[in-house]
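Before any comments, here is the structure.
The values are calculated or read from the model by the stated rules, or taken from the named source; none is laboratory data. Because the structure is a prediction, the values reported are computed rather than measured. Backbone-built Cβ (ideal geometry, glycine too); neighbour counts: all protein chains shown. Each accessible area value is taken on the protein alone, full model and side chains, heavy atoms only, with ligands, DNA and RNA left out. Shrake-Rupley method; radii C 1.70, N 1.55, O 1.52, S 1.80 Å.
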Amino acid sequence: MEWKKACFLLVLRPLRVNGVVKELIGVCFEVTDQKRMEEKVHFLLNHDQLTGLPNRNQLHDEMDRVITLYDRFAVMYFNFDHFKLINDSIGHLKSDSLLQLFSRRLKRITDDKTMIIRAGTDEFICIIADASAEITYQKAQNLLDTIRTPVMLDGQEIHMTASIGISQYPGDHRDKEMLIRYAHMAMNIAKGDGGNRLQFYEPRFHEQIHRKMDIENRLRKAIERKEFLLHFQPILNGRDRIITGLECLIRWQSPELGRVSPAEFIPIAEETGLIHSIGEWVLLEACRQNKRWQNEGLPKIPIAVNLSTQQFNDGKIIERIENILNETGLAAEYLVIEITESMTMNKHHALTLLRNLKKLGVSIAIDDFGTGYSSLSYLSELPIDKLKIDQSFVKGMDLHNVNASIVNTIITMAENLNLQVIAEGVETEEECGLLLQYGCMTMQGYMFGHPMESGAVSELLALEQLV
């Protein structure tokens with residue numbers, strides 16, 4: 001027989017005679033269901049329904065508890081990188097399943113001194129009691145490694161990364177809300193630096209946040225004020241040094257801020273959604289300029305334009321590119337769309353979009369190859385034409401055997417897949433010589449030319465006609 005724990009409520013009432021208690025009358029009620037309902041309501045009020053993790057209702061109580069018991073603790077604020085794009089790509093139901101999978105992982109790394117709280121859709125706060133900076137750093141690294149480990153969801157391998165911000169009590173502040181704010185600020189700095197990393201709070205971040213807000217405000221008006229311009233870097237045949245293409249690069253000259261690096265304003269544009277209008281302007285101007293060169297009788301060569309992750313996941317990107325080609329009159333064969341490995345994470349979406357791009361007649365290149373999660377065998381299933389080896393492998397490859405071996409392997413395998421290989425970041429004759437020896441003919445880098453304005457490109461192409 002199975003016995004279940006029951007709860008009872010005993011009510012006693014004294015029976016008095018002439019003011020003296022003569023006996024007690026007791027009534028016993030079974031309140032098992034009521035007690036269980038109260039416990040269930042308490043759990044629901046203090047835990048996230050999707051993941052089962054504690055929610056923000058427990059945050060301040062936990063911080064009060066560790067302040068009472070210990071003289072120090074850390075606050076880690078973290079969220080997943082590019083989660084909104086992943087959510088849009090795989091759908092809300094699968095995203096919920098993904099959050100549940102990762103939450104189970106997070107629960108496994110908690111202990112009596114560690115509580116992880118779900119603070120928002122993909123945002124979490126971890127309170128680590130009695131934690132030194134060294135212990136906090138190690139726990140944060142363990143957390144990053146836990147999240148980096150890929151998961152299988154409905155037969156699809158999904159890779160995730162996170163950005164972590166850390167504040168410490170009492171060193172950074174003694175106020176609980178300020179500690180949370182500082183950790184969130186540090187997380188945004190980590191995300192702005194590319195994500196997939198941790199960052200401790202530093203007082204200087206206030207100035208960085210102010211500049212970020214200033215850039216965002218001015219970025220919104222930059223297109224209409226015509227503050228953007230395009231530069232173009234030559235892509236050449238490394239043997240005869242003939243230009244075979246150009247890569248288009250955006251530059252921003254703000255009247256108030258001066259020259260702002262793309263490394264600084266592009267992440268802000270992506271975070272705010274402004275990348276859609278900026279990216280469309282780049283596509284339009286690049287195609288318009290290439291057609292202008294062709295109309296001037298200069299050599300017809302393809303121009304490469306980078307597509308952002310948000311553009312890649314925009315359901316109207318095919319239509320936008322087609323309209324731009326029609327508007328400018330540029331033949332599709334003279335446009336190369338560059339994407340990164342991480343954009344192909346959702347294989348079904350990537351296949352569909354890339355096939356539709358190929359139907360337009362444009363070429364497709366994988367940029368910065370070697371820095372993401374893709375393998376050449378995986379990329380062989382995608383309809384791509386070109387592979388650009390990341391400059392981090394090319395730089396100094398004549399001095400580092402490991403880099404040279406990696407580059408040689410990529411070139412050999414890419415050739416077997418009938419992919420054109422382009423080496424980025426070539427700066428020395430030694431690097432160029434090794435690439436030619438390995439069979440890579442197409443290169444770009446400062447050795448052949450820095451990014452330049454359209455007028456300088458016109459002169460360069462005109463000189464080639466005379467050779």
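Structural remarks
- Qualifying residue in segment 366-376 (condition: outside any strand (DSSP E or B) and out of contact with any helix residue (DSSP H, G or I) (no Cβ under 9 Å at 6 or more places or on another chain)): yes
- Qualifying strands (runs of 3 or more DSSP E) (wholly inside segment 117-210; at least 1 residues being open to solvent by 20 Å² or more (accessible area, probe 1.4 Å) and over 16 Å from residue 76 (Cβ atoms)): 151-153, 156-158
- Qualifying residue in segment 407-425 (condition: open to solvent by less than 30 Å² (accessible area, probe 1.4 Å), under 27 Å from residue 324 (Cα atoms) and under 22 Å from the mean Cα position of the chain (by Cα)): no
- Single residue of segment 45-69 satisfying the filter (touching a helix residue (DSSP H, G or I) at 6+ places or on another chain (Cβ under 7 Å) and without any contact (Cβ under 8 Å) to a residue 24 or more places away in the chain) that is farthest from residue 123 (Cα to Cα): 45
- Filter result for residue 185 (out of contact with any helix residue (DSSP H, G or I) (no Cβ under 7 Å at 6 or more places or on another chain) and of a type in the set (A, V, I, L, M, F, W, C)): no
- Enumeration of residues in segment 245-264 that are among the polar types (S, T, N, Q) and surrounded by 18 or more Cβ atoms within 10 Å (Cβ to Cβ): 254
- Residue check: residue 267 meets all listed conditions (1) touching a residue at least 40 places away in the same chain (Cβ under 8 Å); (2) of a type outside the set (D, E, K, R); (3) open to solvent by less than 20 Å² (accessible area, probe 1.4 Å); (4) out of contact with any Phe, Trp or Tyr (no Cβ under 9 Å at 6 or more places or on another chain) but one, namely (3).
- The residues of segment 322-345 that are open to solvent by less than 20 Å² (accessible area, probe 1.4 Å) and under 24 Å from the mean Cα position of the chain (by Cα), listed by number, are 336, 337, 338, 339, 341, 343, 344.
- Some residue of segment 312-319 being under 17 Å from residue 215 (Cα atoms) and aliphatic (A, V, I, L, M): no
- Residue in segment 231-244 that is in contact with a Lys or Arg (Cβ under 8 Å, 6 or more places away or on another chain), of a type outside the set (Phe, Trp, Tyr) and part of a strand (DSSP E or B) present: yes
- Test: residue 333 is out of contact with any strand residue (DSSP E or B) (no Cβ under 8 Å at 6 or more places or on another chain), more than 22 Å from residue 89 (Cβ to Cβ) and not in a loop (DSSP other than H, G, I, E, B): no
- Single match in 66, 41 (criterion: more than 29 Å from the chain's Cα centre (by Cα), modelled with pLDDT under 70 and not basic (Lys, Arg)): 41
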